[in-house]
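This report refers to the structure that appears directly beneath it.
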Amino acid sequence: MTAQLPVRPAAPPGPPTPRPPLKALAPLRETGRLFALALAVARAIFRRPFQVREFIEQFWFIAGVTILPAALVSIPFGAVIALQVGSLTQQLGAQSFTGGASVLAVIQQASPLIVALLIAGAGGSAICADLGSRKIREELDAMEVMGVSPIQRLVMPRVLATMFVAVLLNGMVSVVGTLGGYFFNVIMQGGTPGAYLASFSALAQLPDLYISEFKALVFGFIAGIVAAHRGLNPRGGPKGVGDAVNQSVVITFMLLFFVNMVLTAVYLQIVPAKGG
C-alpha cells in the first residue's frame with residue numbers, strides 16, 4: 001500500500017491588500033491637508049512660547065523684498081485706473097465723479113490684490129523654498145523627533161509675518177496709488193483738484209478702508225498658508241522644491257481672485273453705498 005502524504009492545513013488568509021487611492025480624489029485630499037494646516041497654524045498662534053525672534057526676522061525679510069516693488073507697481077496701476085475712469089466719465093459727462101470712482105477702485109480692489117500678489121510672488125516663494133529645502137534635508141523630521149513642532153516653530157511665524165506685512169503694505173499702496181491717480185487725472189487730463197477731492201469725500205466711506213485692510217489680512221494668510229503647505233510637501237528632491245514654489249504661486253493667485261470675488265460680493269450686499 002502506498003503511504004499517504006500528510007495534508008497541510010490551509011494558511012490563514014492574510015490582511016486584505018489596501019486599494020490604491022483614487023487619483024480623482026487627489027485634489028480633495030490636497031484641499032483637506034491645506035485646511036488642516038490652516039487650522040493647525042491658527043491653533044499655534046495661541047500656544048506658548050511664541051517665536052518672537054523668528055517672527056521679527058521673517059517680517060523684516062518679507063517687508064524688505066516687497067516694499068519697493070509694491071510702491072513702484074502702485075503708481076502705474078493707480079495712473080491706469082485714473083486715466084481709464086477719467087476717460088469713461090468724460091464720455092458720460094460725469095467728470096466730477098472721477099476722483100471718487102478711481103480712488104474707490106484703488107482702495108477696494110487694486111491695493112489688496114497688488115499687495116497679495118507681490119507677497120505671494122516674493123515672500124511666499126521664499127517661504128516655500130526655505131521650508132522645502134529643510135524638508136528634503138530632513139530637518140523637519142529631526143525637529144519632530146526632538147519634540148519640536150515645525151508648525152509652531154517655523155510655519156506660524158512666517159504666516160503671521162505675511163499677514164502683518166500685507167496689512168501695512170496695503171495702507172502704503174493705497175496712499176501711493178491714490179496720489180498717482182490724482183497726479184495723472186489733474187495733470188494729464190486737466191481735472192480740477194477741488195472736484196477730485198470733493199467727489200472722493202462724497203462717495204468714499206470708512207467701511208471701504210476696513211474691507212481693504214480685511215482683504216489684505218485674509219490674502220496674506222492665504223499666501224502664507226499655501227506657501228507653507230507646498231514647502232512642507234515637496235516631491236522629487238531638489239527639483240520638487242522648485243516645482244513646489246511654482247505651484248504655490250499659481251495656487252495662491254487662483255485662490256486670491258476667487259476669495260476677492262466672494263468678499264466683494266458679500267461687502268456690497270452688507271454695506272450700502274454712500275448716499276444710496
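Scattering from the range 118-273 was approximated by placing one identical point on each alpha carbon and applying the Debye formula without solvent; log10 I(q)/I(0) at 0.10 1/Å stands at -0.50. The mean sequence separation of alpha-carbon pairs under 8 Å and at least six residues apart, normalised by the residue count of the range 100-218, gives a relative contact order of 56 percent. Rounded, prolate or oblate: which one fits the range 187-226, using the alpha carbon gyration tensor with axes a ≥ b ≥ c (rounded when a/c is under 1.5, else prolate when a/b beats b/c, else oblate)? It is oblate, given that a/c is not under 1.5 and a/b is not larger than b/c. Taken along the Cα-to-beta-carbon direction at a fixed 7 Å, the label points for residue 214 and residue 198 span 3.2 nm.
Under 18 Å from a label point 7 Å along Cα→Cβ of residue 142: give me every residue in the range 217-254 with its amide N that close. In the range 217-254, the label zone of residue 142 (backbone N under 18 Å from the point 7 Å along Cα→Cβ) covers 232, 238. The protection proxy used here, the mean number of other Cβ atoms lying within 10 Å of each residue, ranks peptides 203-215, 172-184 as follows, highest first: 172-184, 203-215.
Placing R0 at 22 angstrom, the Cβ-Cβ distance between residue 50 and residue 259 gives a FRET efficiency of 0.20 after rounding to 0.05. In order along the range 155-165, the phi-based Karplus estimate (6.51 cos²θ - 1.76 cosθ + 1.60, θ = phi - 60°) of 3J(HN,Hα) comes to 6, 4, x, 5, 5, 4, 5, 5, 5, 5, 5 Hz; Gly and Pro are listed as x. Projecting label points 7 angstrom from Cα along Cα→Cβ for residue 153 and residue 271 puts them 4.2 nm apart.
Read the figures in this text as sums done on the coordinates, not as results from a lab. This structure is a prediction, so every number in the text was calculated from the model and none was measured. All Cβ positions, even for glycine, are placed from backbone atoms using ideal geometry, and neighbour counts span all protein chains on display.
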